[in-house]
Structure formats: structure tokens, C-alpha cells
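Read through the structure below, which is laid out as C-alpha cells, and then see the notes.
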Amino acid sequence: MQMRIQIDVRDPRKAEAVAQALAADSRPRRGQTSFSRKGSKLVIGISCEDSAAMRAALNSSLRVAEACLSVIG
């Protein structure tokens, strides 16, 4: 299973900062997660073997991205 999510951050510098922060903490668990920036969008890529791992990776990634964005304003 694979999923790709794009979140419009509206500021390329903030998108890059969040992508770098999340990528630094991205360790393989039950799947692979990647973080990058495309313009002003934060791009999250997730690849997992099963739906439970996909759900866990998605929820975790979105929670941490939200926390990063709230901190940097």
C-alpha cells in the first residue's frame, strides 16, 4: 500500500523546515515514510504492507506535522 499526501503550508520556508524536521526523525518501523517539499506544499509519502501500519504511519505523520507547524507559526 502506498499513499502520498500534500499539505499546502503557504510558505516554502516553513514547508522545508517541517520536511527537514520530520525526515530527521523518520525511522523505518512497519513501513517507510518520506517527507519533502514541493513549492509551498509539504509532501508526505507512506509505504506499508498492511492497512493497520498505514493508518498508524498516517496518524503519526499528520500529528507531528501539525505540531511542527503550530510551533513555527
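FYI, it's all coordinate maths here, none of it is from the lab. This is a predicted model, so every value here is computed, not measured. Note: ideal-geometry Cβ built from the backbone for every residue, glycine included; neighbour counts use all protein chains shown.
So what's the net charge close to Val43: Lys and Arg +1, Asp and Glu -1, counting the other residues with Cβ under 10 Å from its Cβ? Write out the running numbers ahead of the final one.
Values: positive: Arg4, Arg37, Lys38, Lys41; negative: none.
Summing Lys and Arg as +1 and Asp and Glu as -1 gives +4.
Here the convex hull built on the C-alpha positions of the chain has a volume of 66 cubic angstrom per residue. Close amide H pairs (under 5 Å, H built 1.01 Å from N) link Arg37 with Val43, residues at least 5 positions away or on another chain. Near Leu58, once Lys and Arg are set to +1 and Asp and Glu to -1 for all other residues with Cβ below 15 Å from its Cβ, the sum equals +2. Taking the Cβ-Cβ separation of Ser51 and Asp25 as r and a Förster radius of 30 Å, what is the calculated FRET efficiency to the nearest 0.05? Approximately 0.80, to the nearest 0.05.
By the scheme Lys and Arg +1, Asp and Glu -1, what is the net charge of all other residues having a beta-carbon under 12 Å from that of Arg4? Could you put the intermediate results ahead of the total?
Details: positive: Lys38, Lys41; negative: none.
With Lys, Arg at +1 and Asp, Glu at -1, the neighbours total +2.
Between the helical axis of 51-72 and the longest alpha-carbon principal axis of the chain there is an angle of about 20 degrees. Under 14 Å from a label point set 7 Å out along the Cα-to-Cβ vector of Lys38, no amide N atom of region 15-32 is found. For the chain, the longest principal axis of the Cα atoms and the long axis of helix 12-24 meet at an angle of about 40 degrees.
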